[in-house]
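Colleague: Quick one: this structure, given as structure tokens, is what I'll be asking you about.
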Amino acid sequence: MNTLASSTTTSPASLAGDAGTIAVAKEMRVGPRRINRRLLRTSAFRHALIYATLFSALSAATLSFIYWSTRDQIESQVDARLRLETDYLINLYKSGALPELLEAIQRRNQIDTYGRFYYLANNDAATTPGEQEGEALPIRLKSIRSHTTRNMGDVADLPPGSPRAFNPVRVAETQLSNGLKLTIGHEISDEKALLDHTFTLVVGATAMTLLFSLIGGLTIGSSVLRRIDSVNRTASEIMSGDLSQRLSVTERDDEFDEIANKLNQMLNRIEDLIGSTRQVTNNVAHDLRSPLTRLRNRLEVTLLEERDAESYRTVMAEAIGDADSLIHTFNAMLSIARLEAGLDSVEWKDAPIGDLTTEIAELYEAVAEEEEGLEFKADIAANPVFHCNRHLIAQAVTNLLDNAIKYTPRPGQVQLALKGDDQNFQIIVSDNGPGIDVQDRERVLQRFVRLENERNSPGNGLGLNLVNAVARIHNAQLELSDAEPGLKATITFTQKTGRDRVSA
Amino acid sequence: MRILLVEDDVEAAGYLVKGLTESGHVVEHAADGERGLQLAVGNAFDSMIIDRMLPKRDGLSLIEELRRMGNMTPVLILSALDDVDERVTGLKAGGDDYLTKPYQLSELTARLQALTRRAQTGVQGTVLHVGDLTLDLIRHKVTRSGRSINLQPREFRLLEYLMQHTGQVVTRSMLLENVWDYHFDPQTNVIDVQISRLRSKIDKDFDTPLLHTVRGAGYKLQEMNSPVEMT
């Protein structure tokens, strides 16, 4: 990750000129922090954060609900008990037996097993129950009862510094008619402790959810970032010129692998295209430079001495011939380049292939009739209508026939056949000449490849390459095979794929 | 004939002017599209040679402008672009023929002749005559000295094209383009063979040959005792 951070930050740094080295060093130091910031910006982290917030909120809400309802439950249980006690004591009070009431309170205070305490106060002034002794009591109850939670220290007479002073206590106060107030307290330390524990659990669980979501988000984010970084790194290497690099594809076959596969396919295509451009450049250098040199030398040598008009005329005619062959090569190269780039649109139409081949066959039949020892046979057995560039198909067939006529020794035979049906058909050009060795058949389809035995015949080594390019643009297959003896060139067309190309 | 040449490559234009002048033509040269337009508007020419890519005003726009102004002088477009699409665009813009650089001078003059002749004769009659050779376009009949000659459909079209350009040099490329609609040159001498077959049918049994080979250029259909038209 560090290396990546430095590589992505070198370009601005290097712009800084003399300060470059320092700048790089500085960038290197802030590298990890930059990575962290990138990590926080990743979509994975962002999503994790959103989920974390949502889940935490949800769990906090659930747990809070549990907490509040538990608290209510505890309070209402305590309050119910307090109400029972209050009712009992008030009944005693209503019966008018104050001493009995006081006795009951005293007794209860002595027992005090449940952390409960009782007392009776006069006019809000706290008095010991004993002081009320002997007074007559009216029967009526004055006020409604109230329940509150207070600190023990506030309601009970405790020795100073008692640890119970801050214990929570549930207090039920009942105002009696003659200024007397009955107070019953119930210590709820245990319940409070339980509630506090629950509250801790609620906070803790929420915090844990948040924490784990964050860690999860960061982990996912950084794993995403790692894979993105690997893509970035490869892309940088490719941009700096190493086209052989490919993105790594794991066995997980996940969405990253899918993208990597697609990008790799794209890179293959780009590499192919660049390779073919490079090949063209090399070919131009080789196959145009040599005839140009020949042309130049021819003219230069002629100029060395004074010659007669006839020699000049001859040399100039030869020079024009050289130029023509250069132009021919050049045109063929352009056509092939254009075909390979798929740049032609106007001339695509539905054309009857049988008529097209018959027309060409007529031309070559005539040639064979004129030439001693050359036999031409045409076997046009179908007339499929095919969506194509008819100029290119005609040129491809013509190229194959030209080759066959050129390389077949006399007496020899050349045959043009169209076979198949409307869906799949084949154009076959065969001869009974020397043929092409199996190991050379792939090679001759490449640009400018000329076999040893044809070095001295005229030609530019582009004929079969052009045929191949024409076949490819029509989604057809060019195959060279043995005609036993001789060469058999078959172009196989299929209606379906031919149409696919056009609609694509 | 008077020819307007609009070509920005001055050296190439110089050779072309020299070649055309030596063949007996009068040539005016303009080095950019605007100048070309001025010359074309102010003078009457028999034909124009206009380069596809020109400074100031593009060749195609020049042709379109001339056609809009009602100038129907035949135009031969010269172009370094030999795309079929480019050719279609050029002809759509109002060009009459399209020639890709580099070209042979003989090819260029032959095409210019063909264009001018087409413009001069206008509507063709339905029966063509060269000497005692007649070709009936409606009845699809060819006769020489009253004798009927049997031609294949493609031979008929070949002869029709030659007769429409009687007295002019017709190149192999012109025949491939106009009779066969092929925009490429086969390596085999298919056109020579077709011509020799046609010749055996229309000339072999007669005293005076009509179909002649012009060395280094192409073919010419002409009655020899009529004055030879210079190209």
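The values are calculated or read from the model by the stated rules, or taken from the named source; none is laboratory data. Because the structure is a prediction, the values reported are computed rather than measured. Using ideal geometry, Cβ is built from the backbone for each residue, glycine included, and neighbour counts are taken over all protein chains shown.
Colleague: With the condition being within 30 Å of A:Asn389 (Cα to Cα) and within 14 Å of chain A (Cβ to nearest Cβ), I'd like the strands (runs of 3 or more DSSP E) fully within segment B:128-184 carrying at least 3 qualifying residues. Before the answer, list the steps.
Modeller: Numbers: elements: B:133-136, B:141-144, B:147-149.
Of the strands (runs of 3 or more DSSP E) lying wholly inside segment B:128-184, none has at least 3 residues that are within 30 Å of A:Asn389 (Cα to Cα) and within 14 Å of chain A (Cβ to nearest Cβ).
Colleague: Let me ask something else. Before we move on, is A:Glu371 among the acidic types (Asp, Glu), at the interface with chain B (Cβ under 10 Å from one of its Cβ atoms), within 24 Å of A:Gln495 (Cβ to Cβ) and surrounded by fewer than 20 Cβ atoms within 10 Å (Cβ to Cβ)? Before you say what the answer is, go through the steps one by one.
Modeller: Details: among the acidic types (Asp, Glu): yes; at the interface with chain B (Cβ under 10 Å from one of its Cβ atoms): yes; within 24 Å of A:Gln495 (Cβ to Cβ): no; surrounded by fewer than 20 Cβ atoms within 10 Å (Cβ to Cβ): yes.
No: the conditions fail for A:Glu371.
Colleague: Which one is farthest from the other protein chains (Cβ to nearest Cβ), of the residues in segment A:393-422 that are within 47 Å of the chain's Cα centre (by Cα) and of a type in the set (Asp, Glu)?
Modeller: That would be A:Asp421.
Colleague: Checking the condition within 24 Å of A:Gly463 (Cβ to Cβ), not assigned by TED's automatic domain parsing to the domain that holds A:Ala381 and not acidic (Asp, Glu), which residue from A:Leu334, A:Leu304, A:Leu363 passes? Steps first, please.
Modeller: Values: A:Leu304 fails: within 24 Å of A:Gly463 (Cβ to Cβ); A:Leu363 fails: not assigned by TED's automatic domain parsing to the domain that holds A:Ala381.
Answer to the check: A:Leu334.
Colleague: Let me ask something else about it. If we keep just the residues of segment A:382-418 that are among the charged types (D, E, K, R) and touching a Gly at 6+ places or on another chain (Cβ under 8 Å), which is surrounded by the fewest Cβ atoms within 10 Å (Cβ to Cβ)? First the steps, then the outcome.
Modeller: Looking only at segment A:382-418, we keep the residues that are among the charged types (D, E, K, R), and these are A:390, A:402, A:406, A:410.
When the remaining residues are screened for being touching a Gly at 6+ places or on another chain (Cβ under 8 Å), the result is A:402, A:406, A:410.
On the way: A:Asp402: 19, A:Lys406: 16, A:Arg410: 11.
Once the filter is applied, the top-ranked residue is A:Arg410.
Colleague: Which is part of a helix (DSSP H, G or I), surrounded by fewer than 12 Cβ atoms within 10 Å (Cβ to Cβ) and without any contact (Cβ under 8 Å) to a residue 24 or more places away in the chain, of A:Arg296, A:Arg278?
Modeller: Values: A:Arg296 fails: surrounded by fewer than 12 Cβ atoms within 10 Å (Cβ to Cβ).
After applying the criteria, what remains is A:Arg278.
Colleague: Checking A:Ala52 against (1) under 48 Å from the mean Cα position of the chain (by Cα); (2) at pLDDT 80 or above, which single condition isn't satisfied?
Modeller: Single failed check for A:Ala52: (2).
Colleague: Further, regarding this structure: What is the residue count in segment A:391-423 for residues that are of a type outside the set (D, E, K, R) and either in a strand (DSSP E or B) or at positive phi (or both)? Before the answer, list the steps.
Modeller: We begin by selecting, within segment A:391-423, every residue of a type outside the set (D, E, K, R); these are A:391-401, A:403-405, A:407-409, A:411-418, A:420, A:423.
If we keep only those that are either in a strand (DSSP E or B) or at positive phi (or both) as well, we get A:412-418, A:420.
Number satisfying all stated conditions: 8.
Colleague: For the structure I just gave you, tell me whether B:Leu16 is surrounded by fewer than 20 Cβ atoms within 10 Å (Cβ to Cβ), touching an Asp or Glu at 6+ places or on another chain (Cβ under 8 Å), assigned to a helix (DSSP H, G or I) and in contact (Cβ under 8 Å) with a residue 12 or more places away in the chain. Working first, answer last.
Modeller: On the way: surrounded by fewer than 20 Cβ atoms within 10 Å (Cβ to Cβ): no; touching an Asp or Glu at 6+ places or on another chain (Cβ under 8 Å): yes; assigned to a helix (DSSP H, G or I): yes; in contact (Cβ under 8 Å) with a residue 12 or more places away in the chain: yes.
Judged against the criteria, B:Leu16 is not a match.
Colleague: Any idea which of (1) surrounded by fewer than 15 Cβ atoms within 10 Å (Cβ to Cβ); (2) within 12 Å of chain B (Cβ to nearest Cβ) is the one A:Asp379 doesn't satisfy?
Modeller: (2)
Colleague: Could you give me the residue pairs with C-beta distances under 6 Å whose first residue belongs to segment A:27-56 and is farther than 18 Å from A:Ile228 by Cα, whose second residue is surrounded by 13 or more Cβ atoms within 10 Å (Cβ to Cβ) and modelled with pLDDT under 75 wherever it lies, and which are 6+ apart or on separate chains?
Modeller: Here the result reads A:Glu27/A:Thr9; A:Glu27/A:Ala13; A:Met28/A:Ser6, each pair linking segment A:27-56 to a residue that is surrounded by 13 or more Cβ atoms within 10 Å (Cβ to Cβ) and modelled with pLDDT under 75.
Colleague: Does any residue of segment A:313-321 turn out to be outside the structural domain of A:Leu466 (by TED's automatic domain parsing), in contact with a Phe, Trp or Tyr (Cβ under 9 Å, 6 or more places away or on another chain) and surrounded by 15 or more Cβ atoms within 10 Å (Cβ to Cβ)? Break it down into steps so the answer makes sense when it comes.
Modeller: Here is the first cut: in segment A:313-321, the ones outside the structural domain of A:Leu466 (by TED's automatic domain parsing) are A:313-321.
Remaining after also requiring in contact with a Phe, Trp or Tyr (Cβ under 9 Å, 6 or more places away or on another chain): none.
No, there is no match, as no residue in segment A:313-321 is outside the structural domain of A:Leu466 (by TED's automatic domain parsing), in contact with a Phe, Trp or Tyr (Cβ under 9 Å, 6 or more places away or on another chain) and surrounded by 15 or more Cβ atoms within 10 Å (Cβ to Cβ).
Colleague: Can you confirm whether segment A:244-256 contains a residue that is surrounded by 12 or more Cβ atoms within 10 Å (Cβ to Cβ) and in a helix (DSSP H, G or I)?
Modeller: yes
Colleague: With A:Gly342, A:Gly275 as the choices, which residue is at pLDDT below 85, within 40 Å of the chain's Cα centre (by Cα) and over 28 Å from B:Lys101 (Cβ atoms)? Quick ask: steps written out before the conclusion?
Modeller: On the way: A:Gly342 fails: over 28 Å from B:Lys101 (Cβ atoms).
None of the others qualify; the one that does is A:Gly275.
Colleague: Of these, B:Leu66, B:Leu62, B:Leu115, which one is touching a Pro at 6+ places or on another chain (Cβ under 6 Å) and part of a helix (DSSP H, G or I)? Write out each step before concluding.
Modeller: On the way: B:Leu66 fails: touching a Pro at 6+ places or on another chain (Cβ under 6 Å); B:Leu62 fails: touching a Pro at 6+ places or on another chain (Cβ under 6 Å).
Being touching a Pro at 6+ places or on another chain (Cβ under 6 Å) and part of a helix (DSSP H, G or I) holds for just one of B:Leu66, B:Leu62, B:Leu115, which is B:Leu115.
Colleague: Further question: Sort through A:Ala351, A:Ala368 and tell me the only one that's among the aliphatic types (A, V, I, L, M), under 21 Å from B:Pro186 (Cβ atoms) and touching a Cys at 6+ places or on another chain (Cβ under 8 Å).
Modeller: Details: A:Ala368 fails: touching a Cys at 6+ places or on another chain (Cβ under 8 Å).
On inspection, the qualifying residue turns out to be A:Ala351.
Colleague: When only residues in segment A:368-390 that are assigned to a strand (DSSP E or B) and aliphatic (A, V, I, L, M) count, which is nearest to A:Ala476 (Cα to Cα)? Show your work before the answer.
Modeller: First, pick out the residues of segment A:368-390 that are assigned to a strand (DSSP E or B): A:374-380, A:385-389.
Imposing the further condition that a residue be aliphatic (A, V, I, L, M) reduces the set to A:374, A:378, A:380, A:385.
Values: A:Leu374: 29, A:Ala378: 21, A:Ile380: 19, A:Val385: 15 Å.
Here the answer is A:Val385.
Colleague: Another question, then. Run down A:Thr198, A:Thr183, A:Thr174 and say which single residue is at pLDDT 75 or above, under 30 Å from A:Ser69 (Cα atoms) and out of contact with any strand residue (DSSP E or B) (no Cβ under 8 Å at 6 or more places or on another chain).
Modeller: Details: A:Thr183 fails: out of contact with any strand residue (DSSP E or B) (no Cβ under 8 Å at 6 or more places or on another chain); A:Thr174 fails: out of contact with any strand residue (DSSP E or B) (no Cβ under 8 Å at 6 or more places or on another chain).
Just a single option satisfies the conditions, and that option is A:Thr198.
Colleague: I need a count of the residues in segment B:65-100 that are away from chain A (no Cβ under 14 Å) and surrounded by fewer than 15 Cβ atoms within 10 Å (Cβ to Cβ).
Modeller: 4
Colleague: Determine, yes or no, whether A:Ser223 is assigned by TED's automatic domain parsing to the domain that holds A:Arg38 and either exposed (fewer than 15 other Cβ atoms within 10 Å of the Cβ) or touching an Asp or Glu at 6+ places or on another chain (Cβ under 7 Å) (or both).
Modeller: yes
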